[in-house]
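> Please read through the structure below; I'll follow up with questions.
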Amino acid sequence: MRPRDLPEPRADWALFLDFDGSIVDIAPTPDSVVVPETLPPLLLALRETLGGAVAIVTGRPIAQIDFHLGAAVPAVAGLHGLERRRADGAIVAPPPNDDLRRIRAPLEAFAAAHPGILLEDKRYSLALHYRLAPSLEHACRGVVDSALEDGAEGWEILEGKMVFEIKPRGFAKGAAIEAFLSEPPFVGRIPVFCGDDITDEDGFAAVNAQGGVSVRVGGRSATRAAVRVDTVADLLDWLARVAGSARPSA
């Protein structure tokens, strides 16, 4: 689907954007992502057009989003909603769980023994990336399953694009979007969520339930998203239309 086939912009939208694979292309490792110079100005323009109602909803920590985007978007839900910074700057996050140290040990050993495997410690969760060693997918799944076998009822495995993430249960992008929608400047607006991965399906469902717009970037698998675009560039083209066509709400 081309950007011009997407819904016409509305001034009463609340825009929620995934990061990797949605507004930036996926990189071989999390640290090697390239953010186009045009992206922060586009996000600032979207905030101006939509009365500030723009948020990033991502699996990355908030600190990484700030590193890549600066102050372009104050409202960020990080780690699939585990931590959330409201538009007013207040941080909502649980205390770190000591169980994560025990779970980390076998994953560290596995990553050290297998070149191409990257263990990303996000403080509240652990992500085992195998993008540089795709043949080890099943082995990665096995070590992640094993790490949760004993006394880890409060944890779950979230499977994404070439990554298995261990995170606390009860947190998801859909819930983060719903929380934003109860607060200024998002309250009373029509939600729009753009994502690219199975980890975004919960967000699509939450937005659909509220009569919003759900957009998936790329992929050919079944999705709850109502519409789909082929590439990150396609989505950015449409977002430029949104920034340039809508007008701030009264």
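The values are calculated or read from the model by the stated rules, or taken from the named source; none is laboratory data. From a predicted model like this one, the values you see are computed outputs, not experimental measurements. Using ideal geometry, Cβ is built from the backbone for each residue, glycine included, and neighbour counts are taken over all protein chains shown. For accessibility, only protein heavy atoms count, side chains too; no ligands or nucleic acids. Shrake-Rupley method; radii C 1.70, N 1.55, O 1.52, S 1.80 Å.
> How do the pairs read when you match residues in region 3-20 that are outside any helix (DSSP H, G or I) and open to solvent by less than 30 Å² (accessible area, probe 1.4 Å) with residues anywhere that are hydroxyl-bearing (Ser, Thr, Tyr) and modelled with pLDDT of 95 or more, using Cβ under 6 Å and keeping only pairs 6 or more apart or on different chains?
Final answer for the pair search is Asp18/Thr58; Phe19/Thr58.
> Something else now. Are any of the residues in region 36-50 crowded, with 20+ Cβ neighbours inside 10 Å, touching a residue at least 60 places away in the same chain (Cβ under 8 Å) and either in a helix (DSSP H, G or I) or not aliphatic (A, V, I, L, M) (or both)? Before the answer, list the steps.
First pass over region 36-50, keeping only residues crowded, with 20+ Cβ neighbours inside 10 Å: 43, 46-47, 49-50.
Next cut, touching a residue at least 60 places away in the same chain (Cβ under 8 Å) only: 46, 49-50.
If we keep only those that are either in a helix (DSSP H, G or I) or not aliphatic (A, V, I, L, M) (or both) too, we end up with 46, 49.
Yes, region 36-50 contains at least one residue that is crowded, with 20+ Cβ neighbours inside 10 Å, touching a residue at least 60 places away in the same chain (Cβ under 8 Å) and either in a helix (DSSP H, G or I) or not aliphatic (A, V, I, L, M) (or both).
> Tell me whether region 53-72 contains one or more residues that are open to solvent by less than 50 Å² (accessible area, probe 1.4 Å), touching a Pro at 6+ places or on another chain (Cβ under 8 Å) and part of a helix (DSSP H, G or I).
Scanning region 53-72, I find at least one residue that is open to solvent by less than 50 Å² (accessible area, probe 1.4 Å), touching a Pro at 6+ places or on another chain (Cβ under 8 Å) and part of a helix (DSSP H, G or I), so the answer is yes.
> So, Pro95, is that one at pLDDT below 95 and not in a helix (DSSP H, G or I) or not?
yes
> Sort out which residues of region 74-90 are hydrophobic (A, V, I, L, M, F, W, C) and either out of contact with any Lys or Arg (no Cβ under 7 Å at 6 or more places or on another chain) or free of Cβ contacts under 8 Å to residues at least 12 places away in the same chain (or both), and write them in order of number.
First, the residues of region 74-90 that are hydrophobic (A, V, I, L, M, F, W, C): 75-77, 79, 82, 87, 90.
Within region 74-90, Ala87, Ala90 meet the criteria.
> Scan region 222-241 and tell me whether some residue there is touching a residue at least 40 places away in the same chain (Cβ under 8 Å), in a strand (DSSP E or B) and open to solvent by less than 40 Å² (accessible area, probe 1.4 Å).
yes
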